[in-house]
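Below is one structure, written out as structure tokens; comments come after it.
The values are calculated or read from the model by the stated rules, or taken from the named source; none is laboratory data. Quantities reported herein were computed from a predicted structural model and do not represent experimental measurements. Cβ sites come from the backbone with ideal geometry, for glycine too, and all protein chains shown count toward neighbours.
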């Protein structure tokens, strides 16, 4: 009888441990080390890359269950082309129209894994008030204890190609390419419990 009770207790502990390992973990995006950028061809001469300086959001991962979600908000008014005049130009009504649509969002629907590593995430991208389904291919992914913050952190690079005309931003096509490569280079820190 005692042996049966011991076996039952050990099984219960193992189940609790497995459940704890499989619990979803939420990570908060670190704006200081997150680098959304987009690349397009300019007049056939060169590929130009511009960035956004302000990003927030959360990523939730359950690597044991092979599920996850992404919720990212990019401040479109923080677009950085390297030139103040062009920053204003690209925020005008023909392009990002930040006066009416100051935020770009990506909200995931499904995440695909290979082993315990996510390899793609599909969801809805909203730019200039237009929402389209996109799939981001994850080209790099790593989670490990942060050497300075001493908490778990994750980083990833994810990319997709889209048509800017699909988001009502088609001015100057085809001279400036319609196809744009959007890349998210993200670092996120494990969310800490609120202080009591």
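The table for this structure:
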| read-out | value |
| --- | --- |
| Matching residues, region 164-196, being part of a strand (DSSP E or B) and closer than 24 Å to residue 72 by Cα | 179, 180, 181, 182, 183, 184, 185, 186, 187, 188, 189, 190 |
| Test: residue in region 116-126 that is in contact with a helix residue (DSSP H, G or I) (Cβ under 9 Å, 6 or more places away or on another chain), surrounded by 12 or more Cβ atoms within 10 Å (Cβ to Cβ) and free of Cβ contacts under 8 Å to residues at least 60 places away in the same chain | yes |
| Qualifying residues in region 57-97 (those that are without any contact (Cβ under 8 Å) to a residue 24 or more places away in the chain and touching a strand residue (DSSP E or B) at 6+ places or on another chain (Cβ under 7 Å)) - the one surrounded by the fewest Cβ atoms within 10 Å (Cβ to Cβ) | 87 |
| Residue within region 39-47 that is surrounded by 15 or more Cβ atoms within 10 Å (Cβ to Cβ), closer than 21 Å to residue 121 by Cα and modelled with pLDDT of 95 or more present | yes |
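Listed here are the residues, each with its yes/no results for (1) without any contact (Cβ under 8 Å) to a residue 24 or more places away in the chain; (2) touching a helix residue (DSSP H, G or I) at 6+ places or on another chain (Cβ under 7 Å); (3) over 19 Å from residue 60 (Cα atoms); (4) exposed (fewer than 15 other Cβ atoms within 10 Å of the Cβ).
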| site | (1), (2), (3), (4) |
| --- | --- |
| 161 | yes, no, yes, yes |
| 164 | no, no, yes, no |
| 168 | no, no, yes, no |
| 174 | yes, no, yes, yes |
| 179 | no, no, yes, yes |
| 182 | no, no, yes, no |
| 185 | no, no, no, no |
